[in-house]
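Following: one structure in C-alpha coordinates, then a few remarks.
The values are calculated or read from the model by the stated rules, or taken from the named source; none is laboratory data. Keep in mind that this is a model prediction, so the values were computed, not measured. Cβ sites come from the backbone with ideal geometry, for glycine too, and all protein chains shown count toward neighbours. Keep in mind that these areas ignore ligands, DNA and RNA; they rest on the heavy atoms of the full protein, side chains included. Shrake-Rupley method; radii C 1.70, N 1.55, O 1.52, S 1.80 Å.
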Amino acid sequence: MTWIAVVTGGVLIAAVVVDVWLTILHPDAEGPVAGAVRRLVWQVSALAARWRRQPRRTLLVWAGPLLVTVTFLAWIVPLVLGVALLVWPFLDGFNRVAGYGPIGFEDAVYFAAGTLTVLGYGDITPDTPAQKILAVCVGALGFALFAALATYLIELITGLTVRNGFALAVHDQVHGTDGAGLIARSLATEGVDAARQRCAQWAQSLRAVDDTVRRYPLVALTYRPSRPDYDIEPALEHVAEATVAALLAAGCAPWRGLGPRAEELAYALLRAQDTIARRYLGDRSPPEPPSVGGGRSEHDVDRVVAQLHRRLVAELGDRFDRPVAVDGLARDVLLRSILFFSGLRSWAVPGVSLRAVTHPVGRHGSM
(Lines give C-alpha, C1' and ligand atoms only; values in the text may rest on other atoms or scores of the structure.)
Protein backbone atom coordinates (compact mmCIF):
# COMPACT_ATOMS: atom_id res chain seq x y z
CA MET A 1 0.00 0.00 0.00
CA THR A 2 2.87 2.36 0.85
CA TRP A 3 4.61 1.89 -2.47
CA ILE A 4 1.38 2.16 -4.43
CA ALA A 5 0.71 5.57 -2.87
CA VAL A 6 4.31 6.72 -3.42
CA VAL A 7 4.41 5.58 -7.05
CA THR A 8 0.98 7.05 -7.81
CA GLY A 9 2.01 10.35 -6.25
CA GLY A 10 5.27 10.40 -8.21
CA VAL A 11 3.43 9.70 -11.46
CA LEU A 12 0.96 12.53 -10.82
CA ILE A 13 3.77 14.97 -10.03
CA ALA A 14 5.73 13.94 -13.11
CA ALA A 15 2.65 14.22 -15.34
CA VAL A 16 1.93 17.76 -14.14
CA VAL A 17 5.56 18.85 -14.51
CA VAL A 18 5.76 17.50 -18.06
CA ASP A 19 2.43 19.04 -19.05
CA VAL A 20 3.38 22.46 -17.65
CA TRP A 21 6.81 22.25 -19.26
CA LEU A 22 5.37 21.42 -22.68
CA THR A 23 2.64 24.05 -22.53
CA ILE A 24 4.55 26.97 -21.04
CA LEU A 25 8.17 26.46 -22.01
CA HIS A 26 7.93 24.76 -25.42
CA PRO A 27 6.74 27.12 -28.20
CA ASP A 28 5.67 24.33 -30.56
CA ALA A 29 3.99 21.97 -28.11
CA GLU A 30 0.94 21.78 -25.90
CA GLY A 31 0.64 19.40 -22.98
CA PRO A 32 -1.99 16.65 -23.32
CA VAL A 33 -3.82 17.84 -20.20
CA ALA A 34 -3.88 21.48 -21.30
CA GLY A 35 -4.99 20.47 -24.82
CA ALA A 36 -7.75 18.22 -23.52
CA VAL A 37 -9.03 20.94 -21.17
CA ARG A 38 -8.99 23.52 -23.97
CA ARG A 39 -11.02 21.30 -26.29
CA LEU A 40 -13.46 20.20 -23.57
CA VAL A 41 -14.18 23.70 -22.25
CA TRP A 42 -14.65 25.08 -25.75
CA GLN A 43 -16.97 22.26 -26.77
CA VAL A 44 -19.09 22.68 -23.65
CA SER A 45 -19.24 26.45 -24.16
CA ALA A 46 -20.14 26.03 -27.84
CA LEU A 47 -22.90 23.55 -27.00
CA ALA A 48 -24.28 25.89 -24.34
CA ALA A 49 -24.38 28.72 -26.88
CA ARG A 50 -26.02 26.55 -29.55
CA TRP A 51 -28.76 25.39 -27.17
CA ARG A 52 -29.98 28.95 -26.81
CA ARG A 53 -32.66 29.94 -29.30
CA GLN A 54 -30.77 33.18 -29.88
CA PRO A 55 -27.01 32.61 -29.47
CA ARG A 56 -25.36 35.41 -27.52
CA ARG A 57 -21.77 36.49 -27.49
CA THR A 58 -21.75 36.71 -23.69
CA LEU A 59 -21.85 32.93 -23.34
CA LEU A 60 -18.53 32.58 -25.14
CA VAL A 61 -16.99 35.69 -23.62
CA TRP A 62 -16.60 33.65 -20.43
CA ALA A 63 -15.12 30.63 -22.23
CA GLY A 64 -11.61 32.12 -22.28
CA PRO A 65 -11.34 32.99 -18.57
CA LEU A 66 -12.98 29.67 -17.68
CA LEU A 67 -10.56 27.81 -19.90
CA VAL A 68 -7.49 29.42 -18.30
CA THR A 69 -8.89 28.85 -14.80
CA VAL A 70 -9.73 25.18 -15.43
CA THR A 71 -6.32 24.59 -17.03
CA PHE A 72 -4.50 26.04 -14.01
CA LEU A 73 -6.67 23.95 -11.66
CA ALA A 74 -5.96 20.86 -13.79
CA TRP A 75 -2.29 21.41 -12.95
CA ILE A 76 -2.57 22.52 -9.32
CA VAL A 77 -5.05 19.92 -8.02
CA PRO A 78 -3.21 16.80 -9.31
CA LEU A 79 0.08 18.27 -8.07
CA VAL A 80 -1.32 18.73 -4.56
CA LEU A 81 -2.82 15.24 -4.68
CA GLY A 82 0.48 13.77 -5.92
CA VAL A 83 2.50 15.37 -3.12
CA ALA A 84 -0.13 14.25 -0.57
CA LEU A 85 0.12 10.65 -1.79
CA LEU A 86 3.90 10.89 -1.66
CA VAL A 87 4.07 12.02 1.99
CA TRP A 88 0.96 10.27 3.33
CA PRO A 89 2.63 6.92 4.24
CA PHE A 90 5.36 8.75 6.20
CA LEU A 91 3.29 11.50 7.81
CA ASP A 92 3.21 9.74 11.19
CA GLY A 93 6.94 10.45 11.49
CA PHE A 94 6.47 14.22 11.08
CA ASN A 95 6.46 16.54 14.10
CA ARG A 96 3.04 17.81 15.16
CA VAL A 97 1.93 20.39 17.67
CA ALA A 98 0.60 19.08 20.96
CA GLY A 99 -2.96 17.82 20.80
CA TYR A 100 -3.04 17.61 16.99
CA GLY A 101 -4.71 14.22 17.00
CA PRO A 102 -4.48 11.23 14.62
CA ILE A 103 -3.12 11.71 11.10
CA GLY A 104 -5.29 11.02 8.04
CA PHE A 105 -5.11 11.59 4.31
CA GLU A 106 -6.75 15.00 4.68
CA ASP A 107 -3.72 16.02 6.75
CA ALA A 108 -1.45 14.92 3.92
CA VAL A 109 -3.44 17.11 1.52
CA TYR A 110 -3.25 19.97 4.02
CA PHE A 111 0.54 19.60 4.34
CA ALA A 112 1.00 19.28 0.57
CA ALA A 113 -1.07 22.40 -0.19
CA GLY A 114 0.64 24.42 2.53
CA THR A 115 4.11 23.42 1.38
CA LEU A 116 3.46 23.90 -2.36
CA THR A 117 2.11 27.39 -1.72
CA VAL A 118 5.12 28.07 0.55
CA LEU A 119 2.79 28.93 3.45
CA GLY A 120 4.05 26.36 5.97
CA TYR A 121 1.81 26.86 8.98
CA GLY A 122 4.15 24.89 11.23
CA ASP A 123 1.64 22.56 12.88
CA ILE A 124 3.03 19.65 10.83
CA THR A 125 6.79 19.82 10.19
CA PRO A 126 9.39 17.38 8.84
CA ASP A 127 11.70 15.69 11.34
CA THR A 128 14.36 13.62 9.55
CA PRO A 129 16.86 15.01 7.01
CA ALA A 130 15.11 13.13 4.20
CA GLN A 131 11.76 14.65 5.18
CA LYS A 132 13.28 18.13 5.31
CA ILE A 133 14.85 17.73 1.87
CA LEU A 134 11.51 16.53 0.51
CA ALA A 135 9.73 19.54 2.02
CA VAL A 136 12.26 21.94 0.52
CA CYS A 137 11.92 20.28 -2.90
CA VAL A 138 8.11 20.43 -2.73
CA GLY A 139 8.25 24.10 -1.71
CA ALA A 140 10.64 24.88 -4.57
CA LEU A 141 8.36 23.00 -7.00
CA GLY A 142 5.34 24.96 -5.85
CA PHE A 143 7.18 28.28 -6.07
CA ALA A 144 8.37 27.43 -9.60
CA LEU A 145 4.84 26.39 -10.64
CA PHE A 146 3.12 29.53 -9.42
CA ALA A 147 5.85 31.76 -10.82
CA ALA A 148 5.46 30.00 -14.18
CA LEU A 149 1.68 30.41 -14.07
CA ALA A 150 1.98 34.13 -13.31
CA THR A 151 4.49 34.62 -16.13
CA TYR A 152 2.38 32.59 -18.53
CA LEU A 153 -0.72 34.60 -17.65
CA ILE A 154 1.14 37.80 -18.54
CA GLU A 155 2.21 36.22 -21.84
CA LEU A 156 -1.39 35.19 -22.55
CA ILE A 157 -2.54 38.77 -22.07
CA THR A 158 0.26 39.96 -24.37
CA GLY A 159 -0.84 37.42 -26.99
CA LEU A 160 -4.41 38.66 -26.71
CA THR A 161 -3.18 42.21 -27.22
CA VAL A 162 -1.43 41.17 -30.44
CA ARG A 163 -4.51 39.37 -31.72
CA ASN A 164 -6.90 42.18 -30.81
CA GLY A 165 -4.60 44.80 -32.29
CA PHE A 166 -4.56 42.94 -35.61
CA ALA A 167 -8.34 42.53 -35.66
CA LEU A 168 -8.96 46.18 -34.79
CA ALA A 169 -6.49 47.46 -37.38
CA VAL A 170 -8.08 45.42 -40.16
CA HIS A 171 -11.58 46.37 -39.00
CA ASP A 172 -10.75 50.09 -39.10
CA GLN A 173 -9.00 49.90 -42.46
CA VAL A 174 -11.76 48.02 -44.28
CA HIS A 175 -14.61 49.88 -42.56
CA GLY A 176 -17.43 50.27 -45.07
CA THR A 177 -15.93 47.84 -47.59
CA ASP A 178 -13.93 44.59 -47.50
CA GLY A 179 -10.42 43.39 -48.27
CA ALA A 180 -10.78 43.44 -52.05
CA GLY A 181 -12.38 46.88 -51.96
CA LEU A 182 -9.59 48.19 -49.75
CA ILE A 183 -6.85 47.01 -52.15
CA ALA A 184 -8.71 48.46 -55.13
CA ARG A 185 -9.26 51.77 -53.34
CA SER A 186 -5.62 51.87 -52.26
CA LEU A 187 -4.39 51.29 -55.80
CA ALA A 188 -6.81 53.80 -57.30
CA THR A 189 -6.31 56.66 -54.84
CA GLU A 190 -2.99 56.07 -53.06
CA GLY A 191 -0.89 54.25 -55.64
CA VAL A 192 1.04 51.02 -55.77
CA ASP A 193 3.56 52.03 -53.07
CA ALA A 194 0.79 52.46 -50.49
CA ALA A 195 -0.68 49.09 -51.46
CA ARG A 196 2.76 47.49 -51.17
CA GLN A 197 3.20 48.97 -47.71
CA ARG A 198 -0.24 47.75 -46.63
CA CYS A 199 0.51 44.21 -47.80
CA ALA A 200 3.84 44.24 -45.95
CA GLN A 201 2.20 45.47 -42.74
CA TRP A 202 -0.50 42.83 -42.91
CA ALA A 203 2.08 40.11 -43.58
CA GLN A 204 3.99 41.22 -40.48
CA SER A 205 0.79 41.24 -38.42
CA LEU A 206 -0.13 37.76 -39.68
CA ARG A 207 3.26 36.45 -38.61
CA ALA A 208 2.63 37.87 -35.13
CA VAL A 209 -0.83 36.24 -35.05
CA ASP A 210 0.67 32.97 -36.27
CA ASP A 211 3.18 33.04 -33.41
CA THR A 212 0.39 33.83 -30.92
CA VAL A 213 -1.68 30.85 -32.11
CA ARG A 214 1.37 28.59 -32.02
CA ARG A 215 2.56 29.64 -28.55
CA TYR A 216 -0.73 30.39 -26.80
CA PRO A 217 -3.49 28.14 -28.17
CA LEU A 218 -5.31 28.53 -24.84
CA VAL A 219 -6.47 32.01 -25.81
CA ALA A 220 -5.67 32.72 -29.46
CA LEU A 221 -9.13 31.82 -30.78
CA THR A 222 -11.02 30.48 -27.77
CA TYR A 223 -10.78 33.74 -25.82
CA ARG A 224 -13.81 35.42 -27.36
CA PRO A 225 -14.26 39.21 -27.28
CA SER A 226 -17.44 40.95 -26.20
CA ARG A 227 -17.14 43.45 -29.06
CA PRO A 228 -17.49 42.20 -32.65
CA ASP A 229 -14.73 44.45 -34.00
CA TYR A 230 -12.24 42.39 -31.96
CA ASP A 231 -13.22 39.16 -33.79
CA ILE A 232 -10.25 37.68 -35.59
CA GLU A 233 -12.19 35.55 -38.10
CA PRO A 234 -13.59 38.51 -40.10
CA ALA A 235 -10.13 40.09 -40.07
CA LEU A 236 -8.64 36.92 -41.53
CA GLU A 237 -11.37 36.84 -44.19
CA HIS A 238 -10.71 40.46 -45.16
CA VAL A 239 -6.99 39.75 -45.43
CA ALA A 240 -7.68 36.67 -47.59
CA GLU A 241 -9.84 38.79 -49.92
CA ALA A 242 -7.17 41.48 -50.05
CA THR A 243 -4.46 38.90 -50.76
CA VAL A 244 -6.26 37.47 -53.77
CA ALA A 245 -7.14 40.94 -55.04
CA ALA A 246 -3.51 42.05 -54.71
CA LEU A 247 -2.27 38.96 -56.55
CA LEU A 248 -4.75 39.58 -59.35
CA ALA A 249 -3.87 43.27 -59.60
CA ALA A 250 -0.15 42.48 -59.64
CA GLY A 251 -0.70 40.65 -62.93
CA CYS A 252 -1.54 43.95 -64.62
CA ALA A 253 1.20 46.19 -66.00
CA PRO A 254 0.47 49.33 -63.88
CA TRP A 255 0.81 47.43 -60.59
CA ARG A 256 3.46 44.76 -61.26
CA GLY A 257 5.54 46.22 -58.44
CA LEU A 258 2.88 44.96 -56.03
CA GLY A 259 3.74 41.34 -56.85
CA PRO A 260 6.52 40.60 -54.31
CA ARG A 261 4.58 42.10 -51.39
CA ALA A 262 1.37 40.36 -52.47
CA GLU A 263 3.22 37.04 -52.54
CA GLU A 264 4.70 37.73 -49.11
CA LEU A 265 1.21 38.39 -47.77
CA ALA A 266 -0.08 35.20 -49.41
CA TYR A 267 2.57 33.01 -47.80
CA ALA A 268 2.03 34.64 -44.38
CA LEU A 269 -1.72 34.04 -44.71
CA LEU A 270 -1.33 30.39 -45.71
CA ARG A 271 1.08 29.79 -42.84
CA ALA A 272 -1.34 31.34 -40.34
CA GLN A 273 -4.22 29.26 -41.70
CA ASP A 274 -2.12 26.10 -41.41
CA THR A 275 -1.17 26.89 -37.80
CA ILE A 276 -4.78 27.59 -36.82
CA ALA A 277 -5.94 24.39 -38.55
CA ARG A 278 -3.37 22.27 -36.71
CA ARG A 279 -4.12 23.85 -33.33
CA TYR A 280 -7.91 24.02 -33.50
CA LEU A 281 -9.26 22.02 -36.43
CA GLY A 282 -7.27 18.87 -35.73
CA ASP A 283 -5.36 18.56 -39.01
CA ARG A 284 -2.28 19.93 -40.74
CA SER A 285 -4.45 21.21 -43.58
CA PRO A 286 -7.92 22.79 -43.44
CA PRO A 287 -10.54 20.01 -43.48
CA GLU A 288 -13.03 19.78 -46.31
CA PRO A 289 -16.60 19.79 -44.94
CA PRO A 290 -19.31 17.84 -46.74
CA SER A 291 -20.80 21.03 -48.23
CA VAL A 292 -17.58 21.69 -50.15
CA GLY A 293 -16.89 18.21 -51.43
CA GLY A 294 -17.34 16.64 -54.81
CA GLY A 295 -15.91 19.42 -56.97
CA ARG A 296 -17.75 22.17 -55.11
CA SER A 297 -14.42 23.77 -54.13
CA GLU A 298 -13.37 24.41 -57.71
CA HIS A 299 -16.80 25.81 -58.52
CA ASP A 300 -16.57 28.18 -55.55
CA VAL A 301 -13.11 29.31 -56.63
CA ASP A 302 -14.35 30.15 -60.12
CA ARG A 303 -17.33 32.00 -58.70
CA VAL A 304 -15.23 34.05 -56.30
CA VAL A 305 -12.73 34.87 -59.04
CA ALA A 306 -15.53 36.10 -61.29
CA GLN A 307 -16.95 38.29 -58.49
CA LEU A 308 -13.57 39.70 -57.59
CA HIS A 309 -12.81 40.35 -61.26
CA ARG A 310 -16.03 42.35 -61.70
CA ARG A 311 -15.28 44.39 -58.58
CA LEU A 312 -11.72 45.17 -59.62
CA VAL A 313 -12.81 46.17 -63.11
CA ALA A 314 -15.45 48.47 -61.61
CA GLU A 315 -12.93 50.03 -59.18
CA LEU A 316 -9.81 50.20 -61.37
CA GLY A 317 -11.26 50.55 -64.87
CA ASP A 318 -9.34 49.68 -68.03
CA ARG A 319 -6.04 49.48 -66.21
CA PHE A 320 -7.18 46.15 -64.77
CA ASP A 321 -6.77 44.09 -67.93
CA ARG A 322 -6.28 40.66 -66.38
CA PRO A 323 -8.54 37.90 -67.74
CA VAL A 324 -11.13 36.26 -65.50
CA ALA A 325 -9.23 32.96 -65.33
CA VAL A 326 -6.73 32.65 -62.47
CA ASP A 327 -4.10 30.09 -61.59
CA GLY A 328 -0.96 29.74 -59.53
CA LEU A 329 -0.66 31.24 -56.07
CA ALA A 330 -3.92 33.22 -56.24
CA ARG A 331 -5.92 30.09 -56.98
CA ASP A 332 -4.12 28.18 -54.23
CA VAL A 333 -4.93 30.94 -51.72
CA LEU A 334 -8.58 30.96 -52.80
CA LEU A 335 -9.04 27.20 -52.64
CA ARG A 336 -7.33 26.77 -49.29
CA SER A 337 -9.11 29.80 -47.83
CA ILE A 338 -12.55 28.50 -48.82
CA LEU A 339 -11.81 25.17 -47.15
CA PHE A 340 -10.21 26.83 -44.14
CA PHE A 341 -13.03 29.27 -43.41
CA SER A 342 -15.66 26.58 -43.92
CA GLY A 343 -13.88 24.42 -41.35
CA LEU A 344 -13.44 27.39 -39.02
CA ARG A 345 -17.15 28.22 -39.17
CA SER A 346 -18.09 24.65 -38.35
CA TRP A 347 -15.76 24.81 -35.34
CA ALA A 348 -16.96 28.21 -34.09
CA VAL A 349 -20.44 28.94 -32.78
CA PRO A 350 -22.93 30.20 -35.39
CA GLY A 351 -24.22 33.69 -34.74
CA VAL A 352 -21.24 34.75 -32.63
CA SER A 353 -18.71 35.81 -35.25
CA LEU A 354 -19.05 39.23 -36.85
CA ARG A 355 -19.79 37.53 -40.14
CA ALA A 356 -22.44 34.88 -39.48
CA VAL A 357 -22.01 33.27 -42.90
CA THR A 358 -23.58 29.87 -43.57
CA HIS A 359 -22.26 29.66 -47.12
CA PRO A 360 -18.69 28.97 -48.26
CA VAL A 361 -18.84 32.23 -50.24
CA GLY A 362 -20.29 35.28 -48.57
CA ARG A 363 -21.24 38.76 -49.56
CA HIS A 364 -19.13 40.80 -51.98
CA GLY A 365 -17.50 37.60 -53.15
CA SER A 366 -15.94 36.94 -49.77
CA MET A 367 -14.79 33.52 -48.68
Handout entry: Leading residue at positive end of dipole, the range 92-170 (Cβ point charges), from Gly139, Thr161, Tyr110
Key = Thr161
Problem - 222 nm mean residue ellipticity, helices alone, for the chain (DSSP H n ≥ 4; -39,500 (n - 2.57); rounded to 500) - result: -22000 deg cm²/dmol
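How large is the charge dipole for the chain, taken about the Cα centre, if only the Cβ atoms of Lys, Arg (+1) and Asp, Glu (-1) carry charge, to the nearest 20 debye? Numbers along the way, then the final one.
On the way: 35 positive and 33 negative charges, 180 e Å.
Dipole magnitude for the chain comes out near 860 debye.
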Exercise for the section: Please give, to one decimal in nm, the separation of the simple spin-label points placed at Ala208 and Thr189, each 7 Å out from Cα toward the Cβ. Expected result: 2.5 nm
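Between Trp51 and Thr125, what's the calculated FRET efficiency when r is the beta-carbon distance and R0 is 51 Å? Round to 0.05.
On the way: r = 52 Å, r/R0 = 1.01.
Efficiency computed from Cβ-Cβ geometry: 0.50.
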Practice task
Summarise the accessible area of the chain (1.4 Å probe, protein heavy atoms) by the percent that is carbon and sulfur.
Solution key: 62 percent
Exercise for the section: Just need the relative contact order of the range 204-277 here, percent rounded to a whole number, with Cα pairs under 8 Å and 6+ apart. Expected result: 40 percent
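Could you tell me the relative contact order of the chain? Use alpha-carbon pairs under 8 Å, at least six residues apart, and round to a whole percent.
Details: 463 pairs, mean separation 63.1, N = 367.
Answer for the chain is 17 percent.
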Exercise for the section: Please list the radius of gyration and Dmax for the chain, considering alpha-carbon atoms only, with Å as the unit. Expected result: 26.7, 95
Exercise for the section: Enter the Cα centre distance for the pair the range 109-157 and the range 1-53, rounded to the nearest angstrom. Expected result: 20 Å
Handout entry: Compactness index (Cα Rg / 2.2 N^0.38 Å), the range 1-101
Key = 1.51
Practice task
Report the label-to-label distance for Ala14 and Ala29 in nanometres (one decimal), using points 7 Å from each Cα along the Cα→Cβ vector.
Solution key: 1.5 nm
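Probe of 1.4 angstrom, ligands and nucleic acids ignored: what's the accessible area per residue over the chain, in square angstrom? All intermediate terms of the calculation are to be shown ahead of the outcome.
Numbers: 16900 Å² over 367 residues.
Heavy-atom SASA per residue in the chain reads 46 Å².
When you count, for each residue, the other Cβ atoms within 10 Å and take the mean per peptide, how do 124-133, 70-79 rank with the highest first?
Numbers: 124-133: 13.9, 70-79: 18.2.
Ranked by mean Cβ neighbours within 10 Å, highest first: 70-79, 124-133.
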Problem - Normalised contact order of the range 145-284, rounded percent, pairs of Cα under 8 Å and 6 or more residues apart - result: 33 percent
Exercise for the section: On a C-alpha basis, how far is the centre of the range 67-83 from the centre of the range 179-218 in Å? Whole number, if you could? Expected result: 39 Å
